[in-house]
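**Student:** Take a look at the following structure, please.
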Number of protein chains: 6
Amino acid sequence: MSQLLRFEGRAADALRPIQFELGLSKYAEGSVFIKMGETHVLCNASVLDKVPGFLRDKNQGWVTAEYSMLPRSTHTRSDREAVRGKQSGRTQEIQRLIGRSLRAAFDLTALGQRTIHIDCDVIQADGGTRCASITGAWLAAALAVAHLKRTEQIAADQKVLLNQVAAISVGLSQGQAILDLDYVEDSGCGADVNVVMSGSSQDPQSLRMIEIQGTAEGQVFSRAQLNQLLDYAELGAQALMQAQSHVLADQKILY
Amino acid sequence: MSQLLRFEGRAADALRPIQFELGLSKYAEGSVFIKMGETHVLCNASVLDKVPGFLRDKNQGWVTAEYSMLPRSTHTRSDREAVRGKQSGRTQEIQRLIGRSLRAAFDLTALGQRTIHIDCDVIQADGGTRCASITGAWLAAALAVAHLKRTEQIAADQKVLLNQVAAISVGLSQGQAILDLDYVEDSGCGADVNVVMSGSSQDPQSLRMIEIQGTAEGQVFSRAQLNQLLDYAELGAQALMQAQSHVLADQKILY
Amino acid sequence: MSQLLRFEGRAADALRPIQFELGLSKYAEGSVFIKMGETHVLCNASVLDKVPGFLRDKNQGWVTAEYSMLPRSTHTRSDREAVRGKQSGRTQEIQRLIGRSLRAAFDLTALGQRTIHIDCDVIQADGGTRCASITGAWLAAALAVAHLKRTEQIAADQKVLLNQVAAISVGLSQGQAILDLDYVEDSGCGADVNVVMSGSSQDPQSLRMIEIQGTAEGQVFSRAQLNQLLDYAELGAQALMQAQSHVLADQKILY
Amino acid sequence: MSQLLRFEGRAADALRPIQFELGLSKYAEGSVFIKMGETHVLCNASVLDKVPGFLRDKNQGWVTAEYSMLPRSTHTRSDREAVRGKQSGRTQEIQRLIGRSLRAAFDLTALGQRTIHIDCDVIQADGGTRCASITGAWLAAALAVAHLKRTEQIAADQKVLLNQVAAISVGLSQGQAILDLDYVEDSGCGADVNVVMSGSSQDPQSLRMIEIQGTAEGQVFSRAQLNQLLDYAELGAQALMQAQSHVLADQKILY
Amino acid sequence: MSQLLRFEGRAADALRPIQFELGLSKYAEGSVFIKMGETHVLCNASVLDKVPGFLRDKNQGWVTAEYSMLPRSTHTRSDREAVRGKQSGRTQEIQRLIGRSLRAAFDLTALGQRTIHIDCDVIQADGGTRCASITGAWLAAALAVAHLKRTEQIAADQKVLLNQVAAISVGLSQGQAILDLDYVEDSGCGADVNVVMSGSSQDPQSLRMIEIQGTAEGQVFSRAQLNQLLDYAELGAQALMQAQSHVLADQKILY
Amino acid sequence: MSQLLRFEGRAADALRPIQFELGLSKYAEGSVFIKMGETHVLCNASVLDKVPGFLRDKNQGWVTAEYSMLPRSTHTRSDREAVRGKQSGRTQEIQRLIGRSLRAAFDLTALGQRTIHIDCDVIQADGGTRCASITGAWLAAALAVAHLKRTEQIAADQKVLLNQVAAISVGLSQGQAILDLDYVEDSGCGADVNVVMSGSSQDPQSLRMIEIQGTAEGQVFSRAQLNQLLDYAELGAQALMQAQSHVLADQKILY
């Protein structure tokens, strides 16, 4: 489908190999180590028996996230944010995105007065860390909800997660659309769009957009190009949701 | 075109009244006070004879922005960020967006080794402050470039600004697309998309996307809905570029 | 009266043109945009239904202020305090002064358990910003008190503001006293005294001092010189109080 | 002279017992432990072979100060500023005042490209700590200058300190002027004026004002009252300068 | 040897199972994931071509470390230090200890003008994280030195690492000495001693102490008890050094 | 006993002259100015009628400490931590040590729901400031407890302090053990061990260890050397406890 040369002959519309490892952190109520190619993110979901101040006595729960990159997750070492004394603008932007994206899948009232706090720590970064974080975080959240049901804190038949959430990056490289950019492709591409989608792996028609963040620094893009990118993003999101569903099926979890 | 009731009978695809006031800050090389309805943002462009460290000896310039809301620009008073000791994640996200958007219009090499630093201070907020900031900031930047030409720091025939930049919000309110949301519409809407476009007021075919930031918290949206929203955004962006051009024409400035 | 050459032939004991613009911020309970020559400060008074912790259950209110300069209010751009992560010593010193000065005019018990929080944001700075802030802040506070009476939160005949407050700078330039220094005069002068006075525009005998802050860096001053400076300051304060009274009369407000 | 009852029968125009202890810190180039009654401040002057950035290559020196109160210098323990993570507005205001006051006495060019950095640490506080800091800091600075001359870094006959500096508080208590307020008097007084004066102990006519900071929170004051307060302040400043001179004479130092 | 009941019947003088996983972070010059029982720490060594300011032009290198715990490495979630805006005192204490301990093994001159910066990130915590960090960090540093030799930045026969470094905790539980405490034992024990030792796995006589940090909060300990604890610590350190040596031998690395 | 040349011919196992000055801060419930040679630390104990949050409703008290060095307590001036905006890692490490050490001597239940907060401010530093702080802090705490008994807040016969606490440094200088290192010895020594001991001046057999912190940066030490160092530390601790007891006896205080 493509003349463009990608690493290991990957097709323009192909995802990198995806893998979910469960239980890396034995204490977390949901622990998912997601690997998309060489991008590896540990997504730990914690169940906290409290809600933020602005939700006090509102009879609902909350879902939020934090994001961080280990200093040497990247080619060259970056400063540790705890040492610099604050999170960068990029970090805050990403963790706000993860939180918003997950909340779009939750019935917060059904969750009850508790918080699911998801920590996304990037162990190794090769592009697409925010998307991998979202896709992994949804699975970690699903495991945490399953934990709440297994421990009978929430009734087994209560619908808490309304749908799946997966995120993927698409971009224009030398004018051509490509799916799931690695670090080299991301650095070189003209336009970069991150798409967060909701839906169900069992129904391709169910795909909807939660977030779309498209950026062109220097190379602008047309409506037609955007549409091709979104076609690819839908392909990717469907595949990711299927992978999520396989993991849950293996664990005999109905979300 | 719309059954939806908007303030003062505004049509679904209508912008609020737009107004540009120049020179509110007499020291700034470009000073634009943009009013979109009751949203008022002071955009001051400063020319600095230096570039950030990462551009040293790279023989090019830089364009960046900062954003802030006066504590009482909103219905109820917000804390001052300088008192809290840091900019919020939202503030950083917005000012990074403004900077990226403007850089997409600049030939940074033609700018020379200087920085155009644009301060967007929201005096009154009624929805759409980030979009108004971008639209006003482009005009302030154009005035600053004109200043550089008038003072012969840049040759009069040097092309520095490659195109216009304008931004507008669109959203879904009760399932229907609307353009240029005010605060009440923004708070109530299900999906909210900010679109930054490049182009020229003289050529409607020239419109391209620089940034698209679409967010649904709770109410997801389909590809078809996104396309309708983008149709409206294009209408809005064109009108804003025409308004920008009128101001420059009045000032006898060719950008 | 003076051989000293001032901008546009201003007399040594003359104020710059003064102007009060109301309602620039439509949400604030009192919004005054004060212009003293080219020094322009937006003073927004917010009524908050709470008091600081140290006044809890003390059955009284509080008046406080914050001060900030827009980055490009000055000839060259200054860093934004929210970016640097803290307010400078100068900023804190000024906002403490504004708060203290206003409190000297208030019957805090009559105010009830609420706070009047005044934000003084300097849009353009040409010397004397702290004095303009105080003079404008008093008027904004008076408008906020009028709002409280109009909305019947405070009885119409309750005396809340006990007197007027105005502030003015005086200084020694080449050994000669001058009133209301602009930026160039302020930078060049040997001694600089800011005087905050209370009183009533209707009774010149009522003038008293709330604050006097005199500073000589390098050029010290005698008791005789101080007395001449204070004579000028009284002239200025009276004229400012008359201007405040005209605005209130126009609005049919009895303070 | 006074019907007002002061601690231990002190007269309205009397200073508290004043004492200067030298060398408490053996490393400082000038170390003065000043005691004014129960207010005790350690003033250590350090000579640094560098100047702040804004003075680089300006061929002059600098004098600056920092101020701090030990947490238990007061009746009840206050938080430590290093723990809170920043200096309070009050602290910054005071240390800026000390620095400005001392610079008024220095020929900064004669000082050469070095900084005299004075640390004023309040060991015990009973009112008037900023004034005691200034009076003690001047003496510490004089010792540091003497050290520079003794070690032949500055020529013995070079005039570096142009005059003496001393500071004293005066206030109105129940309408009556008093000199050198202790903590109880300071808390209860209606108006509080800190006066920093320059001059020479050998010539009472030489007294001039460097700084005057008068504050009335609630109780305003008239010109006549201010004049009486300044009369007292002059008495106090003269006595303090004589005490400074005695110390220097004992040390056989000509300033 | 012991009546005390430990998890899974562990003897009082037995280490938990130890495991070193290499290359978890493919970018780091040395990447060691150390597991001591359920305590898992990722130790990434980065080679930086710079030294801290205080070593400029001193013709030597530097070794330093940073330490962090993932928020959900523990039983209950802890706040993220980057969000709180600073590293805790405990974190700083530990990372200073790791750095000092490693430097005791290095010939910093032989290292040349570069820094080995080791990031110890605790993925899962079950007691003894600081000791595991040191033991893993030494191995990561050895791999980084091997990398420098393999890439011919340092001569293959240059001795850079002078000896091995390993650390282990010992403690008194109900008055009895135990080795390598897990979280439950650590929380319950009366005295807790962390011992960092240098030496060589090939020569038990070579063991020396680099650091000893013994703490009794409430239950003090005698010289005799300390000596028994140190006997155990020596046993543990020797076993850890043997494990380190096996890894290096597998990699055919001579340190 | 020693060939090593120490300042003023001090023996290897000799303490510097020790002196306790009481009441330097008249407001503190216990104020001890400890001088060990040229190391001078002011230890002020404050009694606070509150406990930290984690002890609320636990029916016990707390003992904690803060530590700071005056900027010019050292040979060259150091930055003030309040200006830098945070306490250094070293400072936090030391104040945590002081707090832990004192708590080992307290029956916190007998103390009741109050906090003894000890501020250790180093006025002059010549090595061993953390040890002097601990030894002085214990005495200040004992005075504060005596104050609580004298004011009948605690019954006179209630045992609150269970034993004495004293700390001392020992080190290896050119391979030889020395006691109570001054700054020059500390900088030059190979291994440095701080030992905090509990016990009673009346019973040499009662000495136990609370903390031992031994550090070798570059020069490691053997078990035999450690034992000799601890012999010296015991000598020193006993002498310090006797000195503490003399002060209490002079004050007729039974701890």
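**Student:** How many of the residues making up segment B:79-108 are among the basic types (Lys, Arg), under 23 Å from C:Ser68 (Cβ atoms) and facing chain A (nearest Cβ under 9 Å)?
**Tutor:** The number of residues fulfilling the criteria is 3.
**Student:** OK, next. Any idea which of (1) more than 14 Å from chain F (Cβ to nearest Cβ); (2) within 30 Å of F:Ala105 (Cβ to Cβ); (3) among the β-branched types (Val, Ile, Thr) is the one E:Ile253 doesn't satisfy?
**Tutor:** It is condition (2) that E:Ile253 fails.
**Student:** Next question, about the same structure. Evaluate segment C:131-142: report whether one residue or more is of a type outside the set (D, E, K, R) and surrounded by fewer than 23 Cβ atoms within 10 Å (Cβ to Cβ).
**Tutor:** No, segment C:131-142 has no match at all.
**Student:** Still on this structure, please answer the following. Of all residues in segment F:30-49 being more than 9 Å from every other protein chain (Cβ to nearest Cβ) and of a type in the set (D, E, K, R), which is surrounded by the fewest Cβ atoms within 10 Å (Cβ to Cβ)?
**Tutor:** Looking at residues that are more than 9 Å from every other protein chain (Cβ to nearest Cβ) and of a type in the set (D, E, K, R), I get F:Asp49.
**Student:** Of all residues in segment E:6-35, which are more than 14 Å from E:Leu139 (Cα to Cα), out of contact with any Leu (no Cβ under 7 Å at 6 or more places or on another chain) and in contact (Cβ under 8 Å) with a residue 24 or more places away in the chain?
**Tutor:** Residues satisfying the conditions are E:Arg6, E:Phe7, E:Arg16.
**Student:** For segment A:114-124, enumerate the residues that are open to solvent by less than 10 Å² (accessible area, probe 1.4 Å) and either of a type outside the set (Val, Ile, Thr) or within 9 Å of another protein chain (Cβ to nearest Cβ) (or both).
**Tutor:** A:Asp119, A:Cys120, A:Asp121, A:Ile123, A:Gln124
**Student:** Another question, then. Hey, among the residues in segment C:240-255 that are aliphatic (A, V, I, L, M) and assigned to a loop (DSSP other than H, G, I, E, B), which one's modelled with the highest pLDDT?
**Tutor:** So the residue we want is C:Ile253.
**Student:** Okay, next question. Out of (1) within 22 Å of F:Ala12 (Cβ to Cβ); (2) at pLDDT 95 or above; (3) more than 10 Å from chain E (Cβ to nearest Cβ), what's the single condition that is false for F:Ser200?
**Tutor:** The failed condition is (1).
**Student:** Against the condition more than 21 Å from C:Ser198 (Cα to Cα), touching a Pro at 6+ places or on another chain (Cβ under 9 Å), in contact (Cβ under 8 Å) with a residue 24 or more places away in the chain and open to solvent by 10 Å² or more (accessible area, probe 1.4 Å), how does D:Glu185 come out, does it pass?
**Tutor:** No, not satisfied.
**Student:** Go over the candidates B:Lys149, B:Lys159 one by one and state the one that is open to solvent by less than 50 Å² (accessible area, probe 1.4 Å) and not hydrophobic (A, V, I, L, M, F, W, C).
**Tutor:** Unique residue meeting the criteria: B:Lys149.
**Student:** Determine whether segment E:50-57 contains at least one residue that is among the hydrophobic types (A, V, I, L, M, F, W, C) and open to solvent by 20 Å² or more (accessible area, probe 1.4 Å).
**Tutor:** Within segment E:50-57 (the criterion being among the hydrophobic types (A, V, I, L, M, F, W, C) and open to solvent by 20 Å² or more (accessible area, probe 1.4 Å)), the answer is yes, since at least one residue qualifies.
**Student:** Do we have E:Val165 as closer than 27 Å to E:Asp250 by Cα and either under 21 Å from the mean Cα position of the chain (by Cα) or of a type in the set (A, V, I, L, M, F, W, C) (or both) here?
**Tutor:** Against the criterion (closer than 27 Å to E:Asp250 by Cα and either under 21 Å from the mean Cα position of the chain (by Cα) or of a type in the set (A, V, I, L, M, F, W, C) (or both)), E:Val165 qualifies.
**Student:** Is it true that some residue in segment C:7-20 is crowded, with 19+ Cβ neighbours inside 10 Å and either within 14 Å of another protein chain (Cβ to nearest Cβ) or more than 23 Å from the chain's Cα centre (by Cα) (or both)?
**Tutor:** no
**Student:** Starting from residues that are open to solvent by less than 10 Å² (accessible area, probe 1.4 Å) and of a type outside the set (A, V, I, L, M), keep the ones in segment E:189-206 and report whichever is farthest from the chain's Cα centre (by Cα).
**Tutor:** E:Gly199
**Student:** Identify all residues within segment D:58-74 that are more than 7 Å from chain F (Cβ to nearest Cβ) and either under 30 Å from F:Leu48 (Cβ atoms) or open to solvent by less than 50 Å² (accessible area, probe 1.4 Å) (or both); write none if there are none.
**Tutor:** Result: D:Gln60, D:Gly61, D:Trp62, D:Val63, D:Thr64, D:Ala65, D:Tyr67, D:Met69.
**Student:** Within segment F:75-113, which residues are at pLDDT 95 or above, open to solvent by 30 Å² or more (accessible area, probe 1.4 Å) and among the β-branched types (Val, Ile, Thr)?
**Tutor:** F:Thr76, F:Thr109
**Student:** Looking at this structure, is B:Met209 within 23 Å of B:Pro17 (Cβ to Cβ), within 9 Å of chain A (Cβ to nearest Cβ) and either open to solvent by less than 10 Å² (accessible area, probe 1.4 Å) or of a type in the set (S, T, N, Q) (or both)?
**Tutor:** Criteria not met by B:Met209.
**Student:** Also, quick follow-up: Please tell me if D:Leu181 is in contact with a strand residue (DSSP E or B) (Cβ under 7 Å, 6 or more places away or on another chain) and modelled with pLDDT of 95 or more.
**Tutor:** Against the criterion (in contact with a strand residue (DSSP E or B) (Cβ under 7 Å, 6 or more places away or on another chain) and modelled with pLDDT of 95 or more), D:Leu181 qualifies.
**Student:** Filtering segment E:203-239 down to residues that are more than 29 Å from E:Phe33 (Cβ to Cβ) and of a type in the set (Asp, Glu), which residue is modelled with the lowest pLDDT?
**Tutor:** Selected residue: E:Glu217.
**Student:** Go through segment B:214-247 residue by residue and tally those that are within 19 Å of A:Ile210 (Cα to Cα) and open to solvent by less than 20 Å² (accessible area, probe 1.4 Å).
**Tutor:** Adding up the residues that qualify gives 7.
**Student:** Right, next: Residue check: is D:Ser206 farther than 30 Å from D:Leu48 by Cα, in contact with a Gly (Cβ under 6 Å, 6 or more places away or on another chain) and among the small types (Gly, Ala, Ser)?
**Tutor:** So D:Ser206 fits the description; yes.
**Student:** Okay, moving on. Please go through segment A:177-191 and pick out each residue that is within 19 Å of A:Ile212 (Cα to Cα) and either small (Gly, Ala, Ser) or touching a Leu at 6+ places or on another chain (Cβ under 7 Å) (or both).
**Tutor:** Selection gives A:Ala177, A:Ile178, A:Leu179, A:Asp180, A:Cys189, A:Gly190, A:Ala191.
**Student:** Of the conditions (1) charged (D, E, K, R); (2) without any contact (Cβ under 8 Å) to a residue 24 or more places away in the chain; (3) under 30 Å from A:Gly85 (Cα atoms), E:Asp49 fails just one. Which one is it?
**Tutor:** With respect to (1) charged (D, E, K, R); (2) without any contact (Cβ under 8 Å) to a residue 24 or more places away in the chain; (3) under 30 Å from A:Gly85 (Cα atoms), E:Asp49 is out only on (2).
**Student:** Now a separate question. State all residues of segment F:212-239 that are more than 7 Å from chain E (Cβ to nearest Cβ) and not in a helix (DSSP H, G or I); if no residue qualifies, say none.
**Tutor:** Passing the criteria: only F:Gln219.
**Student:** All but one of (1) closer than 14 Å to B:Ile134 by Cα; (2) of a type in the set (A, V, I, L, M); (3) in contact (Cβ under 8 Å) with a residue 40 or more places away in the chain hold for B:Ile178; state the number of the condition that does not hold.
**Tutor:** (1)
The values are calculated or read from the model by the stated rules, or taken from the named source; none is laboratory data. In this text, all values refer to a predicted model and were calculated from it rather than measured experimentally. Positions of Cβ are backbone-derived with ideal geometry, glycine not excepted, and every protein chain shown enters the neighbour counts. The accessibility values were calculated without ligands, DNA or RNA, using every heavy atom of the protein model including side chains. Shrake-Rupley method; radii C 1.70, N 1.55, O 1.52, S 1.80 Å.
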